[in-house]
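A quick write-up on the structure given underneath.
Computed from the coordinates by the stated procedures, all read-outs in this text should not be read as laboratory data. Computed from a predicted model, the values in this text were never measured in an experiment. As a convention, Cβ positions derive from the backbone with ideal geometry for all residues, glycine included, and neighbour counts pool all protein chains shown.
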Amino acid sequence: MNKSMLIINRQSPWSGPGAREALDIALAGGAFDLPLAMLFLDDGVFQLMSDQQPAQLEQKDLAANLRALPMFGIDELYVALGSLDERGLNVVDLGIPAQPLVDSELSALIARFDHVITL
Amino acid sequence: MATLHVLSHSPFSDSRLESCLRLLAVNDALLLCGDAVYGTVPGTPASARLAPLANRLYALSEDLQGRNIEPDLSIQRIDYARFVQLSIEFDRVNTWL
């Protein structure tokens, strides 16, 4: 039985390599059929914003890759509602569907997984 | 199913501590190493946030000593051997990279 892993993603999409690295971990794990999920927390929620134009920043599109996660067997995406609220965002602002969780649900989510990594 | 959360960044320049406290479960523990031990400087807001954790709060002794920090809150000072032991005792370790 493969061990499950939760990847907590708390970096904004274009500030550095963090967002891309978290995605790489997810895709690599998915390729090995590891049961993986991702939680978007803090500035990580900005990764999910709809209609971003990374070309303006001379960056590669992240959304296309995030949207492809289910094809790699990663269909559990979660977003912290508190982080959205603090940043003036709403679930409807998200271009990538993720299940919103309130603070009290976050610790229960973590407890479901064998491993956790926070980037 | 408890988690050991490991922080290594100073809470004065970073939001990891606040986020970690937000998702800390009742049985979880927090281990401070590196610059994260600056959060235990007496009289700081970070120290006040950490104080309620009491016996669920650990700090690497050498990181406190190396920075000459003397916390006035209840904290368990540990060495690397105990760090390894704790990593095994908890169900999982969440390192806030």
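So which residue, out of B:A48, B:A29, B:A59, gets the largest mean-square fluctuation from a GNM of chain B using Cα contacts under 10 Å as springs?
For chain B, modelled as a Gaussian network with Cα springs under 10 Å, the answer is B:A48.
Based on alpha-carbon atoms only, what is the radius of gyration of chain B relative to the globular estimate 2.2 N^0.38 Å?
0.96
By how many nm would the segment from B:A25 to B:R67 grow when fully extended, if each residue of separation counts as 0.36 nm and the alpha-carbon distance is taken off?
Extra length from B:A25 to B:R67 when fully extended: 12.2 nm.
Under a 10 Å cutoff between Cα atoms, tell me which one of A:P13, A:P54, A:P97 has the largest fluctuation in the Gaussian network model of chain A.
So, out of A:P13, A:P54, A:P97, the one fluctuating most is A:P54.
State which stretch of chain A is the longest one without any exposed trypsin sites (Lys or Arg not before Pro), exposure meaning a DSSP loop state and at most 15 other Cβ atoms within 10 Å.
Answer - A:4-59.
In whole Hz and in residue order, list the ³J(HN,Hα) couplings for the stretch A:93-101 that follow from phi through the Karplus curve 6.51 cos²θ - 1.76 cosθ + 1.60, θ = phi - 60°; x for Gly and Pro.
7, 8, x, 10, x, 9, 7, x, 10
What is the diffusion coefficient of the protein assembly as shown in µm²/s, taking the Kirkwood radius over Cα pairs and the Stokes-Einstein relation at 37 °C with a viscosity of 0.692 mPa s?
Calculated translational D: 181 µm²/s.
So if R0 is 41 Å, what FRET efficiency would A:R112 and B:A48 give, r being the distance between their Cβ atoms, rounded to the nearest 0.05?
0.85
Regarding the stretch A:5-118, what are the three Cα extents along the principal axes, ordered largest first, in Å?
That works out to 39, 32, 22 Å along the principal axes.
Kindly provide the helix-only [θ] at 222 nm of chain A, computed as the sum of -39,500 (n - 2.57) over DSSP H runs of four or more divided by all residues, to the nearest 500 deg cm²/dmol?
For chain A, the value works out to -8000 deg cm²/dmol.
When B:R16, B:R67 are ordered from fewest to most other Cβ atoms inside 10 Å of their Cβ, what list results?
In increasing order of surrounding Cβ atoms, one gets B:R67, B:R16.
Can you find, among B:Q76, A:M49, B:L50, the residue farthest towards the positive end of the dipole of the protein assembly as shown? Put +1 on the C-beta of Lys and Arg, -1 on that of Asp and Glu.
Result: B:Q76.
By count of other Cβ within 10 Å, fewest leading, how are B:F83, B:F12 ordered?
So the residues, fewest neighbours to most, are B:F12, B:F83.
Under unit Cβ charges (Lys, Arg +1; Asp, Glu -1), what dipole magnitude, rounded to 20 debye, does chain B have relative to its Cα centre?
180
On full extension of the chain, what length is gained from A:R67 through A:S104, given 0.36 nm per residue of separation minus the C-alpha to C-alpha distance?
10.6 nm
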